[in-house]
Structures are given as structure tokens and as C-alpha cells.
1. Please give the number of the condition residue 53 fails out of (1) out of contact with any strand residue (DSSP E or B) (no Cβ under 8 Å at 6 or more places or on another chain); (2) farther than 30 Å from residue 120 by Cβ.
2. Within region 57-79, does at least one residue satisfy the condition of being surrounded by 11 or more Cβ atoms within 10 Å (Cβ to Cβ) and under 30 Å from residue 177 (Cβ atoms)?
3. Only residues that are part of a helix (DSSP H, G or I), exposed (fewer than 15 other Cβ atoms within 10 Å of the Cβ) and out of contact with any strand residue (DSSP E or B) (no Cβ under 8 Å at 6 or more places or on another chain): list them for region 140-156, please.
4. Report yes if some residue within region 173-187 is within 27 Å of residue 83 (Cβ to Cβ), free of Cβ contacts under 8 Å to residues at least 12 places away in the same chain and either in contact with a strand residue (DSSP E or B) (Cβ under 6 Å, 6 or more places away or on another chain) or not in a helix (DSSP H, G or I) (or both); otherwise report no.
5. Would you point out which residue out of 97, 48 is exposed (fewer than 13 other Cβ atoms within 10 Å of the Cβ), farther than 19 Å from residue 24 by Cα and assigned by TED's automatic domain parsing to the domain that holds residue 23?
6. Which one of 129, 159 is in contact with a strand residue (DSSP E or B) (Cβ under 9 Å, 6 or more places away or on another chain) and surrounded by 12 or more Cβ atoms within 10 Å (Cβ to Cβ)?
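The values are calculated or read from the model by the stated rules, or taken from the named source; none is laboratory data. Since the structure is predicted, the reported quantities are computational estimates derived from the model, not experimental observations. Reconstructed Cβ throughout: ideal geometry from the backbone, glycine too, with neighbour counts over all protein chains shown.
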């Protein structure tokens, strides 16, 4: 078995289920158990079912434990320290990436034509707005004008400028882009009835 391949597996791909907690504990990291079942699942995944943890040499077992310890510490600490809002955002993103093709097919069938146009429009504006320049002064002025929008309803505190700066920048860019777009738009407020095609 090639240990290099094992070490290159992404952390996301190494997450282990809670059902493994009842198995034999082979190591512990900061009080979190690492079980034989977790190690076997990891090794089987990497070797496509051709090996188990107990079949490895001691040095390779140690590497597996180190990798599982890293993942365990990251996932368990994240579970404690991330807010519910942050967790939902990352779960949603992960789910979308995991089921991208399936969701695309579902969207094609279920979204209405106006919703599709709206989604396309939002993406197009963002894409073009990214090229628009905004100054620090403009962003700070916008922040001062809209401070109440950045108020946390639970704490009553207003988010600091640096925290919301990327959001303000994008909104300003979009506003500038749309304003420029509409400069050349021709709006007919009293249109004549369209001629019927013969």
C-alpha cells in the first residue's frame, strides 16, 4: 500500500461517523477517542477494501492515527466553536457541491422562467460589477449611512466596518454598474400598441 496516497486524501473525505464510538479505542487526541472501527474504515477507503488497519506496519499505523487525530480535532473543535448560522452555510455549500448534478436537473424542472431569469441576472450583475472600482471613502460613507442594517438583532451591536467591508464593496459595485447600465437604457413611458404581425 502506498502511504503517500493516504496522506494526500483531503480532510473532508476522511470524516468518520458517530457510530464508531462504541468500538475499541486505539488512540486519543485532546480527550477525543480514535477507534479501531474508524481506522479500519479509513484504511479500507484508501486501499479500496484491500487492507485493514491491523494489516499495516507500526509506522504506517502511526501515520493513520496522526491523520485521524488531525481530522478528529478539527471537526470536533469546529462543531463547538462555529455558530449555527456558520454551520448551516457550510452544510448548504457542501450539500450543493455533493449533489450538484442532481440539483441542477431539479432546478431545470422546478424553477419558473422568471426565477431562472432572475438568477441569471444576479450572476451577470455580480460578474460585471466585480470589475467596477470603489474607494475606501465611498465604502466608509455607505457604512455610516446604513449602519442600522448591520445591527445584530440578538445583541443590539453593530458589526464593525472591517467585518462588513466585503459586503459593502460588492453592493456599491453592483449599484454603480446598474446605474451605468441604465444611463443608456431607453424607457418608453407611453408605448404605442405593438403592431400585429400579418
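1. (1)
2. The first filter runs over region 57-79 and keeps only residues surrounded by 11 or more Cβ atoms within 10 Å (Cβ to Cβ), leaving 60-78.
In the following step, the residues that additionally are under 30 Å from residue 177 (Cβ atoms) were identified as none.
Among the residues of region 57-79, not one is surrounded by 11 or more Cβ atoms within 10 Å (Cβ to Cβ) and under 30 Å from residue 177 (Cβ atoms), which makes the answer no.
3. Scanning region 140-156 gives 140, 141, 144, 145, 149.
4. The answer is no, given that none of the residues of region 173-187 is within 27 Å of residue 83 (Cβ to Cβ), free of Cβ contacts under 8 Å to residues at least 12 places away in the same chain and either in contact with a strand residue (DSSP E or B) (Cβ under 6 Å, 6 or more places away or on another chain) or not in a helix (DSSP H, G or I) (or both).
5. Of the residues listed, the single one that is exposed (fewer than 13 other Cβ atoms within 10 Å of the Cβ), farther than 19 Å from residue 24 by Cα and assigned by TED's automatic domain parsing to the domain that holds residue 23 is 48.
6. On inspection, the qualifying residue turns out to be 159.
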